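Some notes on the structure that comes next.
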Amino acid sequence: MRGLALWYALGTGHRPSPWLRPRRGEPGVVFDQLCEFGLPHTIVEIGRELFRRTGEPLGPFLSLLASQRQAETATIADDDIPPATMIGQLPSWAYDRYSREGLACLQLFVHGNTETARRVRSHIPTTKRVDFIGDVLFRVEGQISKARLHWATADELRRLVDIQCAGHGCTDATEILGLMKADIPALNDVRVELLGGRNHG
């Protein structure tokens with residue numbers, strides 16, 4: 001609820017959502033108030049700048065999490081990194097849904113014989129398959145980090161996004177995430193087939 005209230009206070013017109021009523025908002029006042037509430041000044045100012053540049057509410061949301069972070073024990077650990085290969089001068093994970101070449105690879109992959117592709121074809125409408133598998137791939141490969149800061153609230157938020165917010169009627173993405181993770185080598189083969197040979201140099 002705090003996040004929703006903050007979004008309305010900032011204004012919903014910067015990144016319109018069909019689920020939110022239009023509201024102009026007062027971003028300058030909001031960030032000044034967040035500072036006065038005693039939230040970490042640096043994080044609030046980072047959120048202010050991110051919002052100014054992108055209009056996205058994610059930066060300001062970090063301000064709300066700052067006090068929670070200070071109250072919870074944190075550890076640092078690497079994520080489980082899936083296998084990658086060099087394709088020309090770029091690692092295979094560079095070819096994701098956000099590049100023309102990556103989209104072409106996903107379109108070919110979703111028509112293949114992997115368990116992931118079969119599951120997507122049997123559950124996801126044709127026009128939504130590439131977007132869906134692109135989002136799943138991002139969860140498995142694109143958002144992976146070394147030295148990730150783990151703390152209870154952050155880990156729970158990540159779990160909720162990954163598992164419960166896959167979209168297209170997928171209310172629990174646990175299975176498809178596991179299938180995609182296992183099929184990364186097969187996707188890399190598709191990438192090599194479509195884009196050229198491996199570079200072992």
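Nothing in this text is a laboratory measurement; each read-out follows from the coordinates by a stated rule. On a predicted model such as this, the values are computed, not experimentally measured, just so you know. No Cβ is skipped: glycine too gets one built from the backbone with ideal geometry, and neighbour counts run over all protein chains shown.
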### Positions within segment 31-51 being assigned to a helix (DSSP H, G or I), aliphatic (A, V, I, L, M) and closer than 14 Å to SER67 by Cβ, in sequence order
LEU34, ILE43, VAL44
### Query
Name the residues in segment 31-71 that are surrounded by fewer than 13 Cβ atoms within 10 Å (Cβ to Cβ) and of a type in the set (A, V, I, L, M), would you?
LEU58, ALA71
### Task
Return the only residue of ASP131, ASP135 being under 30 Å from THR75 (Cβ atoms), under 16 Å from the mean Cα position of the chain (by Cα) and in a helix (DSSP H, G or I).
ASP135
### Summary
(1) within 19 Å of the chain's Cα centre (by Cα); (2) on the phi > 0 side of the Ramachandran plot all hold for GLU175 apart from (2)
## Note on the structure
Within segment 55-72, the count of residues that are part of a loop (DSSP other than H, G, I, E, B) and out of contact with any strand residue (DSSP E or B) (no Cβ under 7 Å at 6 or more places or on another chain) comes to 3
### Task
Scan segment 161-174 and give yes if some residue there is surrounded by fewer than 16 Cβ atoms within 10 Å (Cβ to Cβ), among the acidic types (Asp, Glu) and farther than 25 Å from GLU101 by Cβ, otherwise no.
yes
### Query
Can you name the residue in segment 73-101 that is β-branched (Val, Ile, Thr), part of a loop (DSSP other than H, G, I, E, B) and touching a strand residue (DSSP E or B) at 6+ places or on another chain (Cβ under 8 Å) and is also farthest from LEU194 (Cα to Cα) among such residues?
THR73
### Query
Within segment 170-192, how many residues turn out to be in contact (Cβ under 8 Å) with a residue 12 or more places away in the chain and either touching a helix residue (DSSP H, G or I) at 6+ places or on another chain (Cβ under 7 Å) or of a type outside the set (A, V, I, L, M) (or both)?
15
### Message
Going residue by residue through segment 189-196, is there one that turns out to be of a type outside the set (D, E, K, R), more than 30 Å from GLU72 (Cα to Cα), touching a strand residue (DSSP E or B) at 6+ places or on another chain (Cβ under 7 Å) and assigned to a loop (DSSP other than H, G, I, E, B)?
### Response
yes
### Task
Considering each residue of segment 1-30, count those that are surrounded by 11 or more Cβ atoms within 10 Å (Cβ to Cβ) and under 19 Å from ARG69 (Cα atoms), and give that number.
2
